[in-house]
Every structure is written in structure tokens, then in C-alpha cells.
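Written below as C-alpha cells is the structure these notes are about.
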Amino acid sequence: MGIVRTGRRELIRDMNRTLLLNLVRERGVASRAELARVSGLSPSTVTTITASLLGDRFLLEDAAPPITVGPAAVGRPATNLRVNERAGHVVGIKVASDHLAATITDLAATPLGAASVDRGHVDQPADVAAQFAALVDRCVEEAGADRESLLGLGIGVPGIVNPVTGRVAASPLVDWGHLDLVGILETSLHLPVHIDNDVNTLTVAEQLFGAGRGLADFVVVTIGLGIGMGIVVGGNIYRGANGGAGEIGHVQAAPNGPDCWCGRRGCLEAIAAEPALVREVLAATGRFVKPADLARVAGSEPQVAAILERAGHLVGQAIATATTILDPDRIVVSGEGVRLGEHYLEALRAGLAEGATKEVKTEVVIEEWGDEAWARGAATLVLRELFHPAHLRDGDARSAEAIARPTTASTRPFVRSSHGGH
């Protein structure tokens, strides 16, 4: 019983510490009095916790201007607190079709360095660990950072990631279902490791630092090699029971359409994602046009423009269906597919407008993301655990007994590793 009580005390202390750190991040700057008022914690508790955060360099103090009445200053100047963005670093790795793309960021998710490596056909545990470890080291070197400053690694991978085990249940790119990737990499790197579907990593990035900041309900639709959707409901990423929520690319758009990697026919991404468009243009014109060139070619060739417009319209209709069900505040359209240009995107908007409930007007934001941005999205998995870990997010399904249990390095808020090597 004493262990459980101790565990609960430690967890409450960590929760309060994380709560205050996140409140400062959300506000940019905040005084101790404001933190006490907003958090409901006592002033003495806020003073103790912020002193600890200052000691660990996660917070910095800034003198605020004095309150004045006429020319005279009243009382001592207040002291504001702000997050020290350089207090630590995180690395994010995006698993792409033929390579791994990585970036290292500060605590504001500002990229400080990037690296990539050909992925090859590596699937043995030791080889996978060595490949990821080498890429992490290259990022650290690129940024001129200290290895000891790393707070964790985030990984984004296309496909379905089991939200409980962290295993990649299904993916068009990798066959890692047999690997305990998180366990392998935590043992190798001596760092907390977090893995999720790559679209969900972008969604976390938008929630913390981008177009979803401050919104309780929004969706992110990504277009590129595939088509996916990240869903935020009530401020939380919605994954479904098995981690497969948001697989909008596998909604059937044409019953007799082309085969999809998932084993079905006529899936949306088998018709409207970039590889499908390249194939259709090749079949129609006899020319191979790279995805990056499709928008330019469509500008002068009506046949190619029609292919892009038909695909964009199908994507818009699928988003409209999701919007009718979810009623989000905002739709963020992102990914490499944004480069497909206005023929595609205007048709997408038209399909969305035609299919959406007329009484509901949902804002649409278009954002282009490349390799570094996908990797930055993966890095925000670690930042989310720093600023807003699972035991503070609504909808946490763990029992009180599980919450009271001592936490591991991968779940406890911002625990620095004491190891220097792999």
C-alpha cells in the first residue's frame, strides 16, 4: 500500500509539473500568480514546482514591466516565466518509401538539423536499431547538440500502428509486425521512443504548433503516396479500437476500380493518390510524369488536368462524408500532394462543398509538407509527452491502479536519460 501511495504522490507531482509547463507554453509567458489562478494549485505549490522547472532549465524568468499609476511605479516588478526552448532536443524520423528522413528540433519544434538514409531492406532487429541509431547521431551532429540533451525519439510510419503495443500492424512500406520496434530502440538508444501513424504525427504537430492549435475538433487530411486522415475529437487524437481510425484512403470510391495494396479494389488512394495519378497519366498519354510535374503539365494539357480534377473531386467527396459525421471546426489538407496544384485542389473544394451539410461551414486550410516537416511531426510525439502526456489527456482509459503504478522512461514526463551511448 505504501508503494501505491508513493507512486501516486510521484505521479501527482509529475502531473502538476507538466500541467504548469504546458500552461506556460500555451500562453507564451505567464506569472506565478496567473499559473496559480488558472491551474487551481496553491501559490506555494506553484512556487515549489516552478523553482524545480527553473532549476532544470525548462523555464526561464523574464522581468515584467512594473505596474504604474502616473509616473510612479507601484510595488516590485512581477516576474514572468517562459519555456526555455533550448532546454532539450527531440528527434523525429519519418519512414518513407525508400528512405528514413530525420530532423532534430528544440522544444518549440523548430528544426535545427536534418539527415536521411536509404532504408534498403533492413528488417532484422539489430540492423533496424543500428540504422535508426546512426541517423539519430547524424542529427545530433548536424545540430551541434549534446547527446545528453535528447529527450526522446518520435517515429511516424504509414499504416496502422497498434495504440497499445506500438507495433506496426499493417503498412504499405514496411513489414515490421514481428518487431517490438519501441522496445528495441529504447534498449539501443537509452531514450524514450514513441511511434504512431505518420498522419497522426502531423496531426499532433498541427495541434501543438500549427493550424489546429486551440481547437478541440479538427481533422488533417494528407495526400501523397497515400491518403490519410488524422482526427482530433475533444482535444484528443482519435485512433479507434485498433489504431485504424482515419484510414480515409481505404474508403471504396469505385467498386470496380484498381487494386489497392490493402487487398481491396477501388480504394480512394488507389485512384486519387499521387502514384495512381502517375499511372493514369501514363496510360492516357503514354508519358511518365513525376508527381512534382503533374500540376505544370496539367496547365497545358487538358487531358492531364481532367485526371487531376476527377481525382480531387473524389477526395473532396470523401472529406465531405467525414465532415458530416465528425463536424470538425477546421479541415487541414496537407502532404506532398498539395503540389498537385489548383486543378486538383479546386476540384477537392468543389467536391467538399457539394457533399457537405449546407448548414455547417467548415474552414479549409491548405498546407504543404515535405520530408523535413513529416519528420518534425514525428518529433512532436515526444513534445506532446513533455507538455501534455497521456495521463493528463481526456479519455485516458487506464485504471487508477495503473496510473498509480511507477512509470517507465517512455511514459514518465520529460525524464532525461542518464546514458551517454547506445
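The values are calculated or read from the model by the stated rules, or taken from the named source; none is laboratory data. The structure presented is a predicted model; accordingly, all values stated were derived computationally and were not measured. Methodologically, a virtual Cβ is constructed for each residue, glycine included, from the backbone with ideal geometry; neighbour enumeration extends over all protein chains shown. For the accessible areas, the whole protein counts, side chains as well, though only heavy atoms, and no ligand, DNA or RNA atoms are used. Shrake-Rupley method; radii C 1.70, N 1.55, O 1.52, S 1.80 Å.
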When N counts the residues of the stretch 172-274, how does its alpha-carbon radius of gyration compare numerically with 2.2 N^0.38 Å, as a ratio? 1.23
Which distance in nm do the two modelled labels at ALA353 and HIS190 give, with both placed 7 Å along the Cα-to-Cβ direction? 5.9
At most 12 other Cβ within 10 Å, DSSP loop - trypsin sites (Lys or Arg not before Pro), the stretch 128-213: ARG213
For the pair ASP329/ARG264, report the inter-label distance in nm, with labels modelled 7 Å from Cα in the Cβ direction. 3.1
Stretch gain in nm, segment GLN124-ALA216, where the contour uses 0.36 nm per residue and the Cα spacing is subtracted: 29.1 nm
Rank these by accessible area, largest first, 1.4 Å probe: GLU186, GLU141, GLU354, GLU85. GLU141, GLU354, GLU85, GLU186
Sequence of THR321, THR18, THR362 when ordered by accessible area, the most exposed leading, probe 1.4 angstrom: THR321, THR362, THR18
In sequence order, what are the phi-derived ³J(HN,Hα) couplings for the stretch 92-98 according to the Karplus relation 6.51 cos²θ - 1.76 cosθ + 1.60 with θ = phi - 60°, rounded to whole Hz, with x for glycine and proline? x, 10, 9, 7, 9, 4, 10
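Evaluate the charge dipole of the stretch 87-222 about its Cα centre and quote only its size in Debye, nearest 20, assuming +1 on the Cβ of each Lys and Arg and -1 on the Cβ of each Asp and Glu. All intermediate terms of the calculation are to be shown ahead of the outcome.
Working: 6 positive and 17 negative charges, 42 e Å.
The dipole of the stretch 87-222 has a size of about 200 debye.
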Using a 1.4 angstrom probe on the protein heavy atoms only, could you order ARG265, ARG82 from most to least accessible area? ARG265, ARG82
Assuming R0 = 45 Å, what is the FRET efficiency of ASN162 and SER42, from their Cβ-Cβ distance, to the nearest 0.05? 0.65
Note the full-extension length gain between THR285 and GLU301 as 0.36 nm times their separation in residues minus their Cα-Cα distance, in nm to one decimal. 4.8 nm
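For GLU26 and GLU141 in one chain, what is 0.36 nm times their gap in residues minus the Cα-Cα distance, to one decimal in nm?
Numbers: separation 115, 0.36 × 115 = 41.40 nm, distance 3.02 nm.
Extending this stretch completely gives an extra 38.4 nm.
Could you work out the percent of alpha carbon pairs in the stretch 101-234 separated by over 17 Å, rounded to a whole number?
Numbers: 5638 of 8911 pairs.
So the portion of pairs separated by more than 17 Å is 63 percent.
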